[in-house]
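Each remark here refers to the structure printed beneath this line.
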Amino acid sequence: MSPRQATARRAGKGNAAKELREIAHEAASCERCPLYRDATQTIFGEGPVGALIMLVGEQPGDQEDRQGRPFVGPAGRILDSALAEVGLDRASAYVTNAVKHFKHEQRGKRRLHKHPNRGEVTACRWWLDRELALVDPKLILALGTTAAHALLNRPIVLGQNRGRVIGLENGRRVMATIHPSAVLRMRDDAARHQAFAEFVADLREAVRIART
Ligand code: URA
């Protein structure tokens, strides 16, 4: 790459990063679906423009809703351990969710996670599409079926599709794996260990493909 091309590329990235910050600011007052009413705040994605990989989860959980960042609760700790296993610095990835507000049901003092419905996922595509266009990752890793459905615009059976690259019409590459919270839901230590190892293997393959 010539010095002039390198300068143009840096300027392009600078503009995209600025636009991404502006969009995150706009999303803070999003009312595109009713989920904003019961959530504390919008949890927008975080990470650099030009990230090698974009990790897309379902929606923020209780901890994310309180702390204002994606994947900082129990599922986030699984994700961080898996990233450490494959040697990928979280700061070099873009981490986001298909839905940017925490959907839940109040049960006494507890706030129980509820899956977003199609209308909520579709309304939130507005933000995900903008993140995708500006971050322009080499590969998108869908964490779980909600994220995969949002990105592919169709439901998939994870067991038959995990770990393989699915090309989108716009040329983007998507891979799907389990949601890290699935590791936490396994019935015993042996099953948890196995699920975590398979999650790490998918992540490693995603990083390998993103680098090619
Ligand atoms: N689960 C998700 O899908 N995203 C988060 O940010 C946290 C938990």
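Taking the Cβ of L168 as the center, what net charge do the other residues with Cβ under 14 Å away carry, scoring Lys and Arg +1 and Asp and Glu -1? Walk me through the intermediate numbers first.
Working: positive: R125, K138, R154, R164, R172, R173; negative: D129, D136, E169.
So the surrounding residues net to +3.
Using only DSSP helix segments of four residues or longer, with each worth -39500 (n - 2.57), what per-residue ellipticity at 222 nm results for the chain after dividing by its residue count and rounding to 500?
Details: 8 runs with 101 residues, N = 212.
About -15000 deg cm²/dmol.
Suppose we keep just the alpha-carbon trace of region 172-212; what are its Rg and Dmax in angstrom?
11.8, 37
When N counts the residues of region 47-153, how does its alpha-carbon radius of gyration compare numerically with 2.2 N^0.38 Å, as a ratio?
Details: Rg = 13.8 Å, N = 107, 2.2 N^0.38 = 13.0 Å.
Relative to the 2.2 N^0.38 Å estimate, region 47-153 comes out at 1.06.
Assuming 0.692 mPa s and 37 °C, estimate D for the chain with Stokes-Einstein, Rh taken as the Kirkwood radius over Cα pairs, in µm²/s. Present the calculation step by step, with values, prior to reporting the outcome.
Numbers: Rh = 17.6 Å.
The calculation lands on 186 µm²/s.
I'd like the antiparallel share, as a percent to the nearest 5, of DSSP beta bridges with both residues in region 31-112.
On the way: 4 of 8 bridges.
So the antiparallel bridges in region 31-112 amount to around 50 percent.
Work through the residues other than A39 whose Cβ is under 9 Å from its Cβ and net out their charges, Lys, Arg +1 and Asp, Glu -1. Don't jump to the answer; show the numbers that get you there.
Details: positive: R37, K100, K103; negative: D38, D65.
Net of charged neighbours comes to +1.
If you plug each phi of region 186-195 into the Karplus form 6.51 cos²θ - 1.76 cosθ + 1.60 with θ = phi - 60°, what whole-Hz ³J(HN,Hα) values come out, in order, with x for Gly and Pro?
Going residue by residue, I get 5, 6, 8, 4, 5, 5, 5, 4, 5, 5 Hz, with x marking Gly and Pro.
List the equivalent ellipsoid semi-axes of region 150-201 in whole Å, largest first, each obtained as the square root of 5λ for an eigenvalue λ of the Cα gyration tensor. Don't jump to the answer; show the numbers that get you there.
On the way: eigenvalues 136, 23, 13 Å².
Ellipsoid semi-axes (Å, largest first): 26, 11, 8.
Find the Cα radius of gyration of region 58-117, compare it with 2.2 N^0.38 Å by division, and give the number to two decimals.
Details: Rg = 12.8 Å, N = 60, 2.2 N^0.38 = 10.4 Å.
Its radius of gyration relative to the 2.2 N^0.38 Å reference: 1.23.
Under a 1.4 Å probe, what is the accessible area of the chain per residue, stated in Å²?
On the way: 11080 Å² over 212 residues.
Here the residues of the chain average 52 Å² of exposed surface.
List the chymotrypsin sites (Phe, Trp or Tyr not before Pro) in region 10-72 that DSSP assigns to loop (not H, G, I, E or B) and whose Cβ has at most 12 other Cβ atoms within 10 Å. Which are they? It would help to have the intermediate numbers written out before the result.
Details: sites: Y36, F44, F71; in loops: F44, F71.
For chymotrypsin sites (Phe, Trp or Tyr not before Pro) across region 10-72 that sit outside H, G, I, E and B with at most 12 neighbouring Cβ atoms in 10 Å, the list is empty.
Calculate how large, on average over all directions, the projected area of the Cα convex hull of region 1-102 is; give the answer in nm² to one decimal.
Working: hull surface 29.5 nm².
Averaged projected area of region 1-102's Cα convex hull equals 7.4 nm².
Would you work out what percent of the accessible area of the chain, with all protein chains in place, is carbon or sulfur (probe 1.4 Å)?
Details: 5480 of 11080 Å².
Ligands and nucleic acids excluded, carbon and sulfur reach 49 percent.
Using alpha-carbon pairs under 8 Å, 6+ residues apart, how would you state the relative contact order of region 77-212 in percent? Intermediate results must be reported in sequence, preceding the final value.
Working: 143 pairs, mean separation 32.3, N = 136.
It comes to 24 percent, rounded to a whole number.
Can you give me the long-range amide H partners of L141? Hydrogens built in the peptide plane at 1.01 Å from N, cutoff under 5 Å, separation of 5 or more residues or another chain.
So L141 has HN proximity to M54, L55, V56, M175.
Around A123, with a cut-off of 11 angstrom between Cβ atoms, what is the net charge of the other residues, counting Lys and Arg +1 and Asp and Glu -1?
Taking every other residue near A123 into account, the sum is +2.
So which trypsin sites (Lys or Arg not before Pro) in region 85-170 end up in coil per DSSP with only 14 or fewer other C-beta atoms within 10 Å?
Working: sites: R90, K100, K103, R107, K109, R110, R111, K114, R118, R125, R130, K138, R162, R164; in loops: K100, K103, K109, K114, K138, R162, R164.
Of the trypsin sites (Lys or Arg not before Pro), the ones in loops of region 85-170 whose Cβ has at most 14 other Cβ atoms within 10 Å are K109, K114, R164.
So in the chain, what percent of DSSP beta bridges are antiparallel if you round to the nearest 5? Write out the running numbers ahead of the final one.
Details: 8 of 20 bridges.
So the antiparallel bridges amount to about 40 percent of the total.
Percentage of Cα-Cα pair distances in region 102-212 greater than 25 Å, rounded to whole percent? Please list the in-between numbers first.
Numbers: 1816 of 6105 pairs.
Considering region 102-212, 30 percent of its Cα-Cα pairs are separated by more than 25 Å.
Would you work out which of A182, A142, G73 lies farthest towards the positive end of the dipole of the chain? Charges go on Cβ: Lys and Arg +1, Asp and Glu -1.
A142
The values are calculated or read from the model by the stated rules, or taken from the named source; none is laboratory data. For clarity, every value in this text was computed on a predicted model and none was experimentally measured. Note that we place each Cβ from the backbone using ideal geometry, even for glycine, and neighbour counts take in every protein chain shown. Areas reflect the complete protein model, heavy atoms only, side chains present, ligands, DNA and RNA absent. Shrake-Rupley method; radii C 1.70, N 1.55, O 1.52, S 1.80 Å.
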